[in-house]
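This report refers to the structure that appears directly beneath it.
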Amino acid sequence: MVVHAVWIIDTSGIPLYHKAYSPLEFDPTLFSSFFSSLVHFQSEMMGRQLQDITFEDLSFSYIVDAGLVFLASVKKDASTGKLLESLRDVFFKFFKDDLILLSTMLRTSPRARELLQNFELEVDTLVGYTPQKEPVPVRVTAIPRLLHKDSPIRQDLLRRFGMKAILIVMLADGTYRINDISTALDIPAKEVEEIVGHAQRRGYLKVVSAYQSEELAQPEPGEQLPEP
């Protein structure tokens, strides 16, 4: 089975979870709003729910449970089998009593981040995807110190690498891998690796596993000074 993406959508149109497994991508917010409207239309106007919708070579299969839409886009004619039911069961296992953690305000909290990381690993297993556990850089110094004109960290990075080093360290929040940062800033990955390596040696960053569940580094109260 080829799975392009999975969604979990509140029937009000709010995307609670989304992950793409192929280059075929849709804007999660726009798509969730559209699909929730489609579900309401099918239910209210047609009196039933169509569980499969096909567009050319792409199929969308979904189930609705407890006011949530569990949806997968798959290759045309592929059978989702127990995928959607399993997706629903795994989601409720992690979030049945903690849906509030997926709100905009709380989903970046340490508790929500840990649950989402563990949930994502189980979803990857369900769709047969093996994630690349690439290391990700995590900023240790606080952004105000990084940007302050008199900061020795800023001066060190600017002197050695220019403004691109400041941008790289700013993006290093434990979410983006080196290749992600390279793509976002249009800087060759080797240059990003060099700057990350320098920042790690100096203590401006630390590098952790992409699926490390412990709380990410918090800004230290003091500022680490560059080596002479």
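Obtain the nm distance between the two label points defined at residue 121 and residue 89 by a simple spin-label model: each point lies 7 Å from its Cα along the Cα-to-C-beta direction.
Each label point lies 7 Å from its Cα, and together they span 2.0 nm.
In terms of modelled amide H atoms, which long-range or inter-chain residues lie less than 5 Å from the amide H of residue 173?
Those lying under 5 Å, H to H, from residue 173 are 139.
Report, in debye and to the nearest 20, how large the dipole of region 3-127 comes out about its Cα centre when Lys and Arg carry +1 and Asp and Glu carry -1 on their Cβ.
The calculation lands at about 180 debye.
Of the listed peptides 89-100, 189-200, what is their order by residue-averaged count of other C-beta atoms within 10 Å, with the highest listed first?
The peptides rank, most packed first, as 189-200, 89-100.
Using amide H atoms built 1.01 Å from N in the peptide plane, name the residues 5+ places from residue 3, or on other chains, whose amide H lies under 5 Å from its own.
none
Which order do the peptides 164-172, 62-70 take when ranked by the mean count of other beta-carbon atoms within 10 Å per residue, highest first?
Values: 164-172: 20.4, 62-70: 17.3.
Taking the mean over residues of other Cβ atoms within 10 Å, the ranking is 164-172, 62-70.
I need the peptides 14-21, 134-141 ranked by packing, meaning the mean over residues of other C-beta atoms within 10 angstrom, with the highest value on top.
Values: 14-21: 17.5, 134-141: 20.4.
Ranked by mean Cβ neighbours within 10 Å, highest first: 134-141, 14-21.
Output ³J(HN,Hα) for region 5-15: one whole-Hz value per residue in order, computed from phi by the Karplus curve 6.51 cos²θ - 1.76 cosθ + 1.60 with θ = phi - 60°, and x for Gly and Pro.
These are the phi-based 3J(HN,Hα) values: 6, 10, 9, 10, 10, 5, 5, 7, x, 7, x Hz.
Taking amide hydrogens as modeled 1.01 Å from N in the peptide plane, which residues meet the under 5 Å criterion relative to residue 205, leaving out close sequence neighbours?
Sorted by chain and number, the residues that satisfy this are 140, 200.
Taken together, the values in this text are just the output of simple stated rules run on the coordinates, not laboratory data. Remember, it's a predicted structure, so these values are computed and weren't measured experimentally. Virtual Cβ from ideal backbone geometry, glycine too; neighbours counted across all protein chains shown.
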